Amino acid sequence: MTLSESAPTNPPGTTGHSGIDGVGRLADDDVEAVVNEFVDQAWDPEITVQQWWARMAEARLSSPTLPTEAGGRAWTAVQATRASKVLADRRVVGPPSGLGMLLAAPTIAKHANADQVQRWMPAILAGTEGWCQLFSEPGAGSDLAGLQTKAVRDGDEWIITGQKVWTSNGHECEWGMLIARTDPDLPKHQGITYFGFPMNQPGVEVRPLTEMTGRALFNEVFISEARVSDADIIGGRGNGWRVANSTLAFERMGISGGHGGGFGTATPGGIAGHLDRPVGEFLGYRPPIAVGAVGRRILRVLTEEADSRGRLSDPVVRDALTRLHMLHRLAGLSARRVSAERKAARRTGGQRSGLGVGVEGNVAKVHNSRVLMQARHVAGLILGPDAALVGDDAATGGMLQELILFSPAPPIYGGTDEIQRNVIGERGLGLPKEPGPSKETPFNQL
Ligand SMILES: Cc1cc2nc3c(=O)[nH]c(=O)nc-3n(C[C@H](O)[C@H](O)[C@H](O)COP(=O)(O)OP(=O)(O)OC[C@H]3O[C@@H](n4cnc5c(N)ncnc54)[C@H](O)[C@@H]3O)c2cc1C
């Protein structure tokens, strides 16, 4: 069955053609009606993952917070969370997972030119191409602007040489968000350029790194005279630091604003091999990185597990669970504050208002880490020695054990919590900057 035979001819909330008329902001309550109507018309567990995602992209529901010209609906984060909740309640498969949706799509929407949006966005939103983040290097993590990977101009192309590390899902991606040094004579923040980088080419070697969960989520990527077109620079030559900071801001928000879980998901791109399989197979599937944030599902599982082990009346467990719920609620309120700040900024034409000092995303990320660490503590209290057993046949299907093993990661990725606190101190509270060389020193003199 082709998409045009099987998909609604006029997806809810759209005009049914590629224009954007009729798509725009809605009252919060109408969001649920739009998503419910879409699921009624489009869900079919027997179509392939690729067909389902094509329908979702056509209905502009893959990433509805994106602007309309980039394939979204310009919905607020609160509305997108409501949309995700409907998908979870309806027990369907959600939009493509991964960094293409989380980071590449909003970065491209914000900084890429119209031609690039046209070239890259449809495949991201329909999940047919995966993207990874080629930022960190062995000597450049917290000090990301110290990166050494170099890009040298060669006609209409750039030749890239260097090493990246911690590249999540790099082994399953067609494209990378690559930052490389194009002008070593300039100060370190100014000589960086951001590329959409094709991964499948000679000179790119992706080597998996096994983490303590036993899986190899991330990789080392060795780049040896690989090539990228000048037309694939995002945001202009030398502007990479500004563009990378947008990506990092989206990463922080993504980490702290998890959808709460509950729907099935699949891995985008041609390499993972999910696209041609029936979408119904992925209802219970959760990608390995699922426990990066604590959602309602984890809270429920913790309480149910404590109850089934007769631990709910234990004052230590009760106290720890109550504290977890309080921290979770605070994190939720913090995320809502970010959303309210954005709304206010839109109303005032970009001017921040009220309490906003521009570090809400950093605060939200630190909140997320606190919730995760408390959840990890509670899981250990409840499971006791069973916490050491992993796998589908372990208690809770291995979910809480996964939480325990993976929870140290989110306080590191997207910029460590120490770095978030530095930013909050310096930009939010006006504390003095960390000592270091002048920002004007050329990179090659550092
Ligand atoms: C699960 C996971 C997935 C990741 N995925 C990706 C990815 O897909 N792509 C990518 O590019 N990167 C990725 N990263 C890398 C991540 O962004 C870096 O690990 C992170 O920025 C920290 O850098 P680093 O590991 O080099 O640590 P370092 O920068 O060497 O820091 C080591 C320690 O020193 C502390 N520290 C450093 N500088 C300061 C300072 N100025 N003040 C106070 N404390 C400081 C840090 O907080 C940390 O505790 C991932 C990391 C993890 C854990």
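The values are calculated or read from the model by the stated rules, or taken from the named source; none is laboratory data. Predicted model, so just to flag it, every value in this text is computed and none were measured. A quick note on method: Cβ atoms are made from the backbone with ideal geometry, for glycine too, and the neighbour counts reach across all protein chains shown.
Take the residues in the stretch 419-444 that are within 12 Å of the ligand (Cβ to nearest atom) and without any contact (Cβ under 8 Å) to a residue 24 or more places away in the chain; name whichever of them is surrounded by the fewest Cβ atoms within 10 Å (Cβ to Cβ).
My answer is P435.
Only one residue in R215, R237, R227 is over 27 Å from A83 (Cβ atoms), in a loop (DSSP other than H, G, I, E, B), more than 20 Å from the chain's Cα centre (by Cα) and touching a residue at least 40 places away in the same chain (Cβ under 8 Å). Which one? Talk me through it step by step, then tell me what you get.
On the way: R215 fails: more than 20 Å from the chain's Cα centre (by Cα); R227 fails: in a loop (DSSP other than H, G, I, E, B).
None of the others qualify; the one that does is R237.
Within the stretch 402-416, track down each residue that is buried (at least 19 other Cβ atoms within 10 Å of the Cβ) and free of Cβ contacts under 8 Å to residues at least 60 places away in the same chain.
Matches in the stretch 402-416: I404, P411.
Among the residues of the stretch 120-154, which ones are assigned to a loop (DSSP other than H, G, I, E, B) and more than 10 Å from the ligand (Cβ to nearest atom)?
A126, G127, T128, E129, G130, Q148, T149
Which residue, of G191, G240, G236, is buried (at least 22 other Cβ atoms within 10 Å of the Cβ) and away from the ligand (no atom under 15 Å from the Cβ)?
G191 is the lone residue from the list that is buried (at least 22 other Cβ atoms within 10 Å of the Cβ) and away from the ligand (no atom under 15 Å from the Cβ).
Looking only at residues that are in a loop (DSSP other than H, G, I, E, B) and more than 11 Å from the ligand (Cβ to nearest atom) in the stretch 155-172, which one is nearest to D232 (Cα to Cα)?
Filtering first and then ranking leaves D156.
Scan the stretch 138-161 residue by residue and report those that are farther than 14 Å from A244 by Cα and surrounded by fewer than 20 Cβ atoms within 10 Å (Cβ to Cβ).
Listed by number, the residues that qualify are P138, G139, Q148, K150, V152, R153, D154, G155, D156, E157, I159, T161.
Give all pairs with beta carbons closer than 6 Å in which a residue from the stretch 123-136 that is more than 14 Å from I108 (Cβ to Cβ) and aromatic (F, W, Y) meets a residue that is away from the ligand (no atom under 16 Å from the Cβ) and at pLDDT 95 or above; count only pairs at least 6 apart in sequence or on separate chains.
Listed pairs, sorted by first residue: none to list.
Of the residues that make up the stretch 110-117, is at least one within 26 Å of P208 (Cα to Cα) and more than 10 Å from the ligand (Cβ to nearest atom)? Don't jump to the end; show me each part of the working.
Step one: list which residues in the stretch 110-117 are within 26 Å of P208 (Cα to Cα), which gives none.
No, every residue in the stretch 110-117 fails to be within 26 Å of P208 (Cα to Cα) and more than 10 Å from the ligand (Cβ to nearest atom).
Looking at the structure I just gave you, is G24 closer than 27 Å to I271 by Cβ, under 24 Å from the mean Cα position of the chain (by Cα) and either part of a loop (DSSP other than H, G, I, E, B) or at pLDDT 90 or above (or both)?
no
Filter the stretch 130-147 down to the residues that are farther than 22 Å from I271 by Cα and in contact with an Asp or Glu (Cβ under 6 Å, 6 or more places away or on another chain) and list them by number. Let's see the steps before the verdict.
Residues of the stretch 130-147 that are farther than 22 Å from I271 by Cα, as a first pass: 136-147.
L147, the sole residue that qualifies.
Of everything in the stretch 396-418, what is among the hydroxyl-bearing types (S, T, Y), more than 7 Å from the ligand (Cβ to nearest atom) and assigned to a loop (DSSP other than H, G, I, E, B)? Give them in sequence order.
First pass over the stretch 396-418, keeping only residues among the hydroxyl-bearing types (S, T, Y): 396, 407, 413, 416.
Pick out the ones that are also more than 7 Å from the ligand (Cβ to nearest atom) and you get 396, 407.
Matches in the stretch 396-418: S407 only.
Can you report the number of residues in the stretch 368-401 which are over 14 Å from L302 (Cβ atoms) and buried (at least 20 other Cβ atoms within 10 Å of the Cβ)?
2
Out of the residues in the stretch 374-395 that are in contact (Cβ under 8 Å) with a residue 40 or more places away in the chain and within 13 Å of E305 (Cβ to Cβ), which is nearest to the ligand (Cβ to nearest atom)?
The qualifying residue nearest to the ligand (Cβ to nearest atom) is A375.
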